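The values are calculated or read from the model by the stated rules, or taken from the named source; none is laboratory data. Predicted, not measured: the structure shown is a model, and the values here were computed from it. Positions of Cβ are generated from backbone atoms using ideal geometry, with glycine treated the same way; all protein chains shown enter the neighbour counts.
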Amino acid sequence: MSALADLTACDLRAKFRRGETSPTEVVRAVFERIDAEDGRLHAYLYLDRDAALAEAARWDAVVRGEDAPPLAGIPVALKDNICTRHSPTTCGSRILAGFRSPYDATVVTRLRRSGAIIVGKANCDEFAMGSSTENSAYGPTRNPWDETRVPGGTSGGPTAAVAAGEATLALGSDTGGSIRQPAAFCGVVGMKPTYGRVSRYGLVAFASSLDQIGPIARSVVDAALLLEAIAGQDPADSTSADVEVPAYADGLITSLRGMRLGIVKEFFAEGLDAGVAAAVREAIETCRALGAACEEVSLPHASYALPAYYIIAPAEASSNLARYAGVQYGHRTADAPDLVTLYSRTRREGFGAEVKRRIMLGTYALSAGYYEAFYLRALRVRTRIRQDFDAAFERFDALVGPVTPTSAFRLGEKVDDPLQMYLSDVYTVPLNLAGLPGISVPCGFVGGLPVGLQVVGRAFGEQTILNVAHAFEQATEFHTRRPPRGRAARGASAAKRAP
Amino acid sequence: MARVDAGLRHETVIGLEVHVQLSTASKMFCGCAVAFGAPPNTRTCPVCLGLPGSLPVLNRRAVDLGIRTALALGCHINPVSQFHRKNYYYPDLPKNYQISQYEYKDHPPLASGGLMRVSTGDEVMEIGIRRVHLEEDTGKLVHAEGRSLVDYNRCGTPLMEVVTEPDLHSPEEARLFLIHLRAMLQFAEVTSGRLEEGTLRCDANLSLRPAGGPHGTRTEIKNMNSLRSVERALRFEEARQRQALERGEEVVQETRHWDEDREVTFSSREKEEAQDYRYFPEPDLTPLQIDAPWVDRIRAGLPELPEARRRRFVEAFGIPEHDAGLLTATRAMAEFFEETVRRFVKPKIVSNWLIGDVAAYLNAAGREIEELPLRPDHLAGLLMLVDTGKLSGRSAKEVLEEMLRTGRPADAIVQERGLVQISDEAMLAAVVQEVIVEHPGPVGDVRAGKDQAVTFLVGQVMKKTRGRANPAMVNRLVREQLGVA
Ligand SMILES: [Zn+2]
């Protein structure tokens, strides 16, 4: 039975239709896997078994029909910064302990409409700040391939859940690489759509101009299906774009003939692990073999992306996170004698070190007298980076390169060195600054750890990068490998409660 | 325009920031209803409460009203404007930032560079409008029994801010400007303009400078919530600064609050460190693009503004400039006038009653005409009674008094009080006969040519009829019976 937990959504849909299994069986299998593995991995912060089973029962009869909604009966994990009605949403932070959102995020509404079954809320770095999921106030998630290593971040929980069969699909959020980097570390497909492609309504904001919700899956087809379900303009999000959503999954192709791929020169510079470099170069050769014309391309301002990002993202975060002050909801310090003490103690107690670091950085960057030197300058860099990409896309259909400089690092290895941690996002951040879509697809292993290939597309060119990733995936077998299972479950997660 | 008091050597410079609550059905960035006086926290949603994950969506209707105002003030409407976040902590501000459109760096507000003309009898003041921008309101703190409670109903209520250049030179000019601005906003149907509900709020900057000299240090005065308090607060502050300067002291740049009860301005106690609001472009809203067709559509639908209506009143109804000015001081008064004239087509008479008895009553009561129960058709009814001789002018004043208080129609009051004018000639002739018999002295005087004695006799008839006799008819009958026509 447990093999059900390892199947893709596509396979499950076929089995449902043939009457070989049912949503109830699949959800049971997924919870069995969670019981067996999550004590070790800690992918979830909150589970709702009863609601998931009740939902599954509702779809049992429907899924055999021709007109069953696209994700009917498919178990999905949500990163804990996506609001779900009446259940906890903590963003991995102590300051939101006890908070239950009174509403569903737009993506959640769309998932429910598509028949998806929400398994629970998955762990993440506090307010999506970090690169390893070690910054969660509720303890780190571990990499299913090697439990001494991080799953990446900040969507470490949902990504580990998908890799380990604790969910079939997941939604994460990507502000500077937070879907693609953990996808690469955990050997699954992770995609950041174009900014504006997916509604952010109900995604707890970290950096509003960079955040984007995206799919995490075990195959490109699955990622395409999930993106199709959540994409499209939303009247509740002014920054969501009025651009038609194609039937991504139906449009996938397996040949790259006629496709022009640009190999980003700056992504193969100093700091790139030799093993990762080799795997990515080999993947590019595979693309060439599939008919793609591959040529080097330069993004001259890419090296300024990280510094610009670490001005813009903290600046927006310092403002977005100001609302967590103990007045309306979440943590409030005990017996503050006055208002200022209430604010400062609540925030001191509620936020972790990385969040405080970025709030201070952002506050400083926006302060009168520093605004021009930092924030405005970073915006100008952002424009240059966008122009670099525009120029590249005049010659190429998509750009390729590594997702991360290294494979998954060890837990604790970089916690005390924020700058080292930040470098983990050096190849992913430029896309967020430019608002472009990118996907990570498994392209090899180094020392038993997965490596990802990043494919970057034009704005709203998701179909193209899905095509490249799909063709590559179908030509290789990396996506079929599954991480080792825990020798023995160390304590079931049945008792997992809302933090 | 500058008024320089030579004896005092200083010139007053005033700039105003007027916050206007826009007449929209829903809030600035969400669909919640804008409602005054609803039970606390019943008009809120995730967006106006700033809950995690919520996002603002701009109310297009509020932009329409902003454009209307900008057009009425002759401003340049910026084709692209940007919302900003103004960051500061306060419990009535759920996100701890306010979404506003401050003119900041290279991001312009909705509209800038307008002009308002205000005629003050013999001359015309010209007040520059620096900008018109949109923003959201905050909630309200309620302090009770040593605790502080927050009502978020007002959060996200659409506000427009009209900021003038420092072109005003006396507290009186400031008050006049506000009266005209309010009328304009009411005529443009941008706001109800009711001060007591906080739909118009005003802050002012005031400084003194040597005549023609460089600008002096200014103070910002807040918490003025009526036209009268604006004038009084500015008068107090003007005198306070003048005294300081005359004593050789320096004026401190600070924020001062107006204490309505004690009639003084006082310095805010909190330290006046320049607050750093860390403005930056609101990333949750795309830049506001206003194209020419949008502006044209608003322009085409722009209602008649006070200036135009005043001119029309003079030309179409033949009433004096001065009267027309008073009748167009508020939209409600102008509407009331026109409604009444539609039913009783003697504009000058309607105007006389409105700017006379009715205005006196409003002033004494400190109310606006739309707050009274009096209706235009009822006033027309009253004037009709006078015009057709069914009611004497004196009785009419008495009837109006009750109409203003109760809103009842004139004829009902007249009936009830038995005030119908007696124009029955036979009946009045009998009363005149009685009076002539009872007052031989004055009768003799009349016959001897003393005409004032006629007035006395008429008065006696009026007295006998308790004021209900038609005075013109009585006058004629007295003369006829005494043969002195
Ligand atoms: Zn609301």
Practice item. Assess whether A:Leu71 counts as being in a loop (DSSP other than H, G, I, E, B) and farther than 30 Å from A:Val327 by Cα. Key: yes
Study note, to complete from the structure: Counting only residues in the range B:6-25 that are at pLDDT below 90 and touching a Lys or Arg at 6+ places or on another chain (Cβ under 8 Å), the one nearest to the ligand (Cβ to nearest atom) is identified as B:His10
Study note, to complete from the structure: Here the residues within the range B:353-377 that are part of a helix (DSSP H, G or I) and either touching a helix residue (DSSP H, G or I) at 6+ places or on another chain (Cβ under 8 Å) or closer than 18 Å to B:Arg312 by Cβ (or both) are B:Trp353, B:Leu354, B:Ile355, B:Asp357, B:Val358, B:Ala359, B:Tyr361, B:Leu362, B:Ile369, B:Glu370, B:Pro376, B:Asp377
Exercise for review: Please report, ordered by residue number, the strands (runs of 3 or more DSSP E) entirely within the range A:142-236 with at least 2 residues that are within 14 Å of chain B (Cβ to nearest Cβ).
Suggested key: A:169-173
Exercise for review: Determine, yes or no, whether B:Ser170 is farther than 24 Å from B:Pro303 by Cα, of a type in the set (Ser, Thr, Tyr), away from the ligand (no atom under 16 Å from the Cβ) and within 14 Å of chain A (Cβ to nearest Cβ).
Suggested key: no
Point to revise | Failed item in (1) surrounded by 13 or more Cβ atoms within 10 Å (Cβ to Cβ); (2) polar (S, T, N, Q); (3) over 45 Å from the mean Cα position of the chain (by Cα), with B:Gln421 passing the rest | key: (3)
Review point. In the range A:356-392, which residue that is buried (at least 20 other Cβ atoms within 10 Å of the Cβ) and aromatic (Phe, Trp, Tyr) is nearest to the other protein chains (Cβ to nearest Cβ)?
Key: A:Tyr375
Practice item. Answer yes or no as to whether B:Arg310 is surrounded by 18 or more Cβ atoms within 10 Å (Cβ to Cβ), basic (Lys, Arg) and away from chain A (no Cβ under 14 Å). Key: yes
Review point. When both residues are 6+ apart or on different chains and their Cβ atoms are under 7 Å apart, which pairs have a first residue that lies in the range A:260-273 and is within 16 Å of A:Pro300 (Cβ to Cβ), and a second that is among the aromatic types (Phe, Trp, Tyr)?
Key: A:Gly262/A:Phe396; A:Phe267/A:Tyr427
Point to revise | Pick from the range B:26-84, criterion more than 14 Å from the ligand (Cβ to nearest atom) and β-branched (Val, Ile, Thr), ranking: farthest from the other protein chains (Cβ to nearest Cβ) | key: B:Thr69
Practice item. Collect the residues in the range A:23-60 that are within 20 Å of A:Gly486 (Cα to Cα) and not aliphatic (A, V, I, L, M), keeping them in residue-number order. Key: A:Arg28, A:Phe31, A:Glu32, A:Arg33, A:Asp35, A:Glu37, A:Asp38, A:Gly39, A:Arg40, A:His42, A:Tyr44
Revision key, fill the gap. Scanning the range A:244-259 for residues that are of a type in the set (D, E, K, R) and free of Cβ contacts under 8 Å to residues at least 24 places away in the same chain gives A:Glu244, A:Asp250
Review point. Looking only at residues in the range A:92-141 that are surrounded by fewer than 24 Cβ atoms within 10 Å (Cβ to Cβ) and polar (S, T, N, Q), which one is farthest from the other protein chains (Cβ to nearest Cβ)?
Key: A:Ser114
Study note, to complete from the structure: Filtering the range A:307-337 down to residues that are surrounded by fewer than 20 Cβ atoms within 10 Å (Cβ to Cβ) and under 26 Å from the mean Cα position of the chain (by Cα) yields A:Pro307
Exercise for review: Considering only the range B:411-432, state which residues are assigned to a helix (DSSP H, G or I) and either acidic (Asp, Glu) or closer than 21 Å to B:Ala472 by Cβ (or both).
Suggested key: B:Asp411, B:Val414, B:Glu416, B:Glu425, B:Ala426, B:Met427, B:Leu428, B:Ala429, B:Ala430, B:Val431, B:Val432
Practice item. Could you check, for the range B:269-290, whether at least one of its residues is basic (Lys, Arg), surrounded by fewer than 17 Cβ atoms within 10 Å (Cβ to Cβ) and assigned to a loop (DSSP other than H, G, I, E, B)? Key: yes
Practice item. For the range B:88-101, state whether one or more residues are within 16 Å of the ligand (Cβ to nearest atom), of a type in the set (Ser, Thr, Tyr), assigned to a loop (DSSP other than H, G, I, E, B) and within 30 Å of B:Leu51 (Cα to Cα). Key: no
